[in-house]
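J.: Questions regarding the structure given below will be posed in turn.
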Amino acid sequence: MDFLSKKRVKNNGHAAQYYVEDSHPPIISKEEFAAVQLEFERRTNLRGYSKTGKSKFTSDYAFSGKLFCGNCGSKFRRTKWGRGKNQQILWICINHQITGACDMKSVKEKALEQAFLRVMNRLIGSKGALLSERDGNDVGQSANEDVECEWVWRDRKREEFKAYLSTQGSLLDKFDEDLFQRLIEKVKIQSMVEAVFVFRAGNEVREIL
């Protein structure tokens with residue numbers, strides 16, 4: 001404020017400036033903010049491979065936008081092979097399909113579904129005992145507030161996941177698309193016979209396809 005004209009003027013360094021943290025109540029919590037940022041990132045990752053880095057947002061199937069190539073990092077695309085009774089649904093690295101620059105082999109959709117079933121049934125059988133805890137130093141070693149918020153959000157997801165596992169009375173007998181979408185952040189395809197399921201809670205489980 002100019003004391004002579006009583007008009008507001010921009011402080012370009014002629015007066016001391018101070019940063020006051022948490023001086024006003026937030027509109028949303030830090031955990032909610034982190035969750036929204038993760039969702040933005042998830043939707044960005046649903047875009048497929050292209051030379052420009054831009055392509056159509058898609059989530060038509062359970063595995064859409066969830067499968068990532070362990071070789072080149074590209075997403076996987078759903079395709080069909082064969083006809084009639086012999087037809088199979090496959091997922092293929094988009095970079096491999098478009099440019100041939102990646103040598104990752106395609107994986108069968110049924111194999112992915114069965115692998116997720118096995119992972120879930122092992123976790124249900126153990127009542128969550130197989131879930132690893134994060135290192136308590138992870139947040140303390142980071143000065144990034146966004147990272148800390150993300151860990152708080154993931155901790156909450158881990159507790160919700162454990163609560164689900166502890167109350168699940170029986171093993172799953174078929175692939176549940178809604179459950180997969182709710183629990184899994186992404187799947188890293190290591191080869192045509194191996195994948196790593198990355199849970200939203202932060203845990204990773206390796207499984208044979």
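J.: Above 14 angstrom, tally the Cα pairs of the stretch 165-205 and express them as a % of all pairs, no decimals.
T.: I get 59 percent for the Cα pairs in the stretch 165-205 exceeding 14 Å.
J.: Using the structure shown, select from 105/162; 105/157; 66/174 the pairs with a Cα to Cα distance greater than 29 angstrom.
T.: Pairs exceeding 29 Å: 105/162; 105/157.
J.: What is the fewest-to-most order of 91, 151 by other Cβ atoms lying within 10 Å of their Cβ?
T.: Result, fewest neighbours first: 151, 91.
Just so you know, all these numbers are worked out from the coordinates, no wet-lab data involved. Note that this is a predicted model, so its numbers are computed, not measured. Reconstructed Cβ throughout: ideal geometry from the backbone, glycine too, with neighbour counts over all protein chains shown.
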